[in-house]
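The values are calculated or read from the model by the stated rules, or taken from the named source; none is laboratory data. Keep in mind it's a predicted model, so treat the numbers as computed, not measured. Virtual Cβ from ideal backbone geometry, glycine too; neighbours counted across all protein chains shown.
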Amino acid sequence: MSGPLQHIRILDFTTLLPGPYATMMLADMGADVLRVESPSRLDLVRVMPPHDRGVATAHSYLNRGKRSLALDLKQQECVETVKALVRDYDVVVEQFRPGVMDRLGVGYATLREINPRLIYCAITGYGQTGPYRLRAGHDINYLALAGVASYSGRAEGGPPPLGIQVADVAGGSHHAVMGILAAIIHRQQSGEGQFVDVSMTDAAFSLNAMAGAAALGADHQPGPESDVLNGGSFYDYYRTADNRWLAVGSLEPQFMQELCKTLGCPELASKGLSPKPEHQQQLKQTLRERFAEQPLEHWQHVFADREACVEPVLTLREASEHPQLTSRDMVIEVDRGDGEKQRQLGHPIKFSETPCQSRFAGRVLGADNESVLQELEEHKSK
């Protein structure tokens with residue numbers, strides 16, 4: 001095992017996407033992650049299509065590098081097993097609604113009595129406090145309440161259901177990882193563990209970086225296609241002759257000048273740099289017309305060596321084969337457990353001295369029960 005977290009041990013009680021993504025990142029960074037799952041309440045990600053040789057690809061990816069322990073926490077002996085395990089673990093991550101782990105007998109108050117250095121991270125939709133703390137929700141709900149959806153999409157079409165789960169991953173998962181790592185540093189300095197409360201709605205609200213600063217600081221309330229970065233300017237996507245798309249982000253003067261020069265309309269560069277909506281719409285219409293004249297391949301060739309911030313909208317398959325991503329090891333092969341390999345997304349953080357490793361794909365439920373319980377017995381006997 002390698003990676004900067006190779007001495008950190010994590011008990012993972014999470015399911016679905018946010019928690020498993022967070023603990024997968026930690027496992028890639030070397031943490032020893034033991035996933036504790038119910039044998040009777042199946043994680044839906046385990047059965048979600050599509051499958052590769054009978055195993056859900058989402059499960060294989062989200063739970064790679066983690067051992068699996070099947071425990072029914074409604075059984076007292078299983079609760080006692082968790083209490084015994086937590087003595088030698090650094091972090092607990094869970095994703096139940098507030099109070100569930102307490103009712104099961106393995107909440108923070110109980111576990112910190114056993115291990116005062118324990119870092120306990122709870123990922124929920126709305127956090128441990130507030131009137132919505134017990135309310136059900138999913139990614140689309142968190143983005144709606146956080147204000148993100150209100151200025152996304154088209155003025156006529158409304159907010160889009162995004163292709164990625166922003167509140168779950170950029171919100172819950174990434175903020176959980178940050179919180180856990182910060183708590184580990186604090187414990188190294190003080191010897192104290194602590195409770196880390198991550199709300200996906202809070203995290204999504206904090207992602208309103210530019211628009212949120214304007215709304216709170218200057219009472220500027222954005223709507224769809226109202227601002228420079230959300231479709232209100234030329235900064236947008238444009239359809240090509242073969243029904244593909246180009247992303248145009250030529251915001252700085254030198255990029256705008258190169259864009260207009262390449263398209264044969266250098267006189268329009270001043271309009272692209274103008275804050276006036278009518279100038280932006282004039283340029284935008286010209287870009288629509290020009291890009292619609294040729295297929296995507298043509299424009300890729302034209303802009304290949306031009307610094308104009310124009311790039312093709314790639315499919316996931318095309319992106320996985322792009323030389324920039326492949327050169328960065330963003331597509332890797334992971335041991336599937338049957339002697340074969342599965343292609344998966346690579347880890348995005350590159351360490352010079354402690355590189356990440358994706359050791360094996362998500363395992364069968366309870367695959368490590370025997371070895372984990374044997375380790376526990378050996379430890380008790382010492």
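On the basis of being at negative phi, at pLDDT below 95 and assigned to a loop (DSSP other than H, G, I, E, B), does Q374 make the cut? Considered against the rule, which asks whether it is at negative phi, at pLDDT below 95 and assigned to a loop (DSSP other than H, G, I, E, B), Q374 comes out as no. Each residue in region 2-43 was checked for being of a type in the set (A, V, I, L, M), assigned to a loop (DSSP other than H, G, I, E, B) and at negative phi, and 6 of them qualify. Condition check for V148 on (1) buried (at least 20 other Cβ atoms within 10 Å of the Cβ); (2) free of Cβ contacts under 8 Å to residues at least 40 places away in the same chain; (3) of a type outside the set (F, W, Y): one failure, at (2). Pairs meeting the criteria (first residue in region 67-93 and in the same structural domain as G191 (by TED's automatic domain parsing), second residue among the small types (G, A, S) and crowded, with 20+ Cβ neighbours inside 10 Å, beta carbons under 6 Å, at least 6 apart or on different chains) are V93/G19. The criterion of at least 1 residues that are closer than 13 Å to F234 by Cα is met, among strands (runs of 3 or more DSSP E) falling completely within region 256-353, by 310-312. Put simply, of L143, L62, L118 the only residue that is touching a residue at least 40 places away in the same chain (Cβ under 8 Å), closer than 13 Å to S199 by Cα and assigned by TED's automatic domain parsing to the domain that holds D32 is L143. The set of residues from region 231-255 being part of a loop (DSSP other than H, G, I, E, B), in contact (Cβ under 8 Å) with a residue 24 or more places away in the chain and either in contact with a strand residue (DSSP E or B) (Cβ under 9 Å, 6 or more places away or on another chain) or crowded, with 20+ Cβ neighbours inside 10 Å (or both) comprises G231, G232, S233, F234, T240, R244, G249, S250.
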